[in-house]
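A.B. asks: The following block contains the structure, expressed as structure tokens.
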């Protein structure tokens with residue numbers, strides 16, 4: 001039970017550490033629409049289950065390898081691959097819905 005609580009705490013710390021990359025900085029309106037896209041992506045990421053969101057953020061935003069991501073998340077490389085695959089598929093579906 002204690003190990004599980006510590007694991008949850010470590011995951012939260014990692015997620016908070018990399019969360020700043022998901023939030024668009026406060027700047028003037030972006031005429032190209034990239035700011036809107038970033039906001040839509042951040043909202044879609046928030047809709048993912050915790051493990052999928054964590055895996056996707058660590059792999060694609062923090063640019064960690066599968067091995068590094070597995071180490072940070074304390075799961076196997078296979079689980080990282082699975083969570084990333086499912087997370088990206090779910091993101092695609094959420095973004096399709098959001099853009100309609």
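A.B. asks: For residue 79 and residue 16, calculate 0.36 nm times their separation in residues minus their Cα-Cα distance, and state this gained length in nm to one decimal. Provide the component values of the computation, followed by the final result.
C.D. replies: Working: separation 63, 0.36 × 63 = 22.68 nm, distance 2.13 nm.
Stretched out fully, the residue 79 to residue 16 stretch lengthens by 20.5 nm.
A.B. asks: Can you sort 63, 36 so the residue with the fewest Cβ neighbours within 10 Å comes first?
C.D. replies: The order, fewest Cβ neighbours first, is 63, 36.
A.B. asks: Express in nm, to one decimal, how much length is gained between residue 68 and residue 46 on full extension, taking 0.36 nm for each residue of separation and deducting their alpha carbon distance. Before the final figure, lay out the partial values.
C.D. replies: Values: separation 22, 0.36 × 22 = 7.92 nm, distance 2.24 nm.
Value of the extension gain: 5.7 nm.
FYI, it's all coordinate maths here, none of it is from the lab. Note that the coordinates shown come from a computational prediction; the quantities given were computed from them, not determined experimentally. Reconstructed Cβ throughout: ideal geometry from the backbone, glycine too, with neighbour counts over all protein chains shown.
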